[in-house]
Amino acid sequence: MEQTQKTTRLYSHDELYDALLFVQDILDRAAIPCLVLGDVANTLFLQDDSELKAPKIEIGIKKTEMTTDHVGMLNDLLRGNSAVEELEFSNKYIRFVYKEVPIFIKVIKNRYKFIDDPDLRMYFIEEFKIPNPFQQYWKMRNFIQ
């Protein structure tokens, strides 16, 4: 019997960086503060000038920042962009694909110290927020709600 293995594509640095800049810009325009999460946040935390390598862009936003007006603006901005595909909104996440790169925005309802006081990291010419203290987030990253 043949066993199928699911392979996860790691996107190029340029693809990921472009998608990261896009999602940060779109959330800024919708006035929704965000944090970078996941493998990309780990690269930003390490500050070793590594190229981004990840299967997706992961972003965190606080549920308290998701007013009806903010969600409406974000929905309009995403639906109005021809590079955005497979858009899906739920109470727990917003998911879409931007130029083939999957973007997952986690809506965080619980309070976490590492989310409340983010750290700022420069990457190339942009500043990004990441969880702080990062090591505490990294240990709990799969359990955040």
Of the beta bridges DSSP finds with both residues in the stretch 47-145, what % are antiparallel, to the nearest 5? 70 percent
Could you give the radius of gyration (one decimal) and Dmax (whole number) of the Cα atoms in the chain, in Å? 15.2, 53
Given GluC sites (Glu not before Pro), DSSP loops and at most 10 other Cβ atoms within 10 Å, the longest exposed-site-free stretch of the chain is 52-145
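For the stretch 11-103, calculate the relative contact order in percent as a whole number, restricting contacts to Cα pairs under 8 Å that are 6 or more residues apart.
Normalised by residue count, the contact order of the stretch 11-103 is 32 percent.
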Quick check: Cα centre of the stretch 1-79 to Cα centre of the stretch 128-145, how many Å? 14 Å
Setting aside same-chain residues fewer than 8 positions from K139, which lysines have a Cα under 27 Å from its Cα? K6, K53, K56, K62, K63, K92, K106, K109, K113, K129
What FRET efficiency comes out for L21 versus N142 if R0 is 25 angstrom and r is the Cβ-Cβ distance? Round to the nearest 0.05. 0.45
Projecting the Cα atoms of N75, F128, N110 onto the charge dipole of the chain, where Lys and Arg contribute +1 and Asp and Glu -1 at Cβ, the residue farthest towards the positive end is N110
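Every read-out reported here was derived from the displayed coordinates using simple, explicitly stated rules and does not represent laboratory data. Given the structure is predicted, the values throughout are model-derived calculations rather than measurements. Counting neighbours? That spans all protein chains shown, and the Cβs are built from the backbone with ideal geometry, glycine included.
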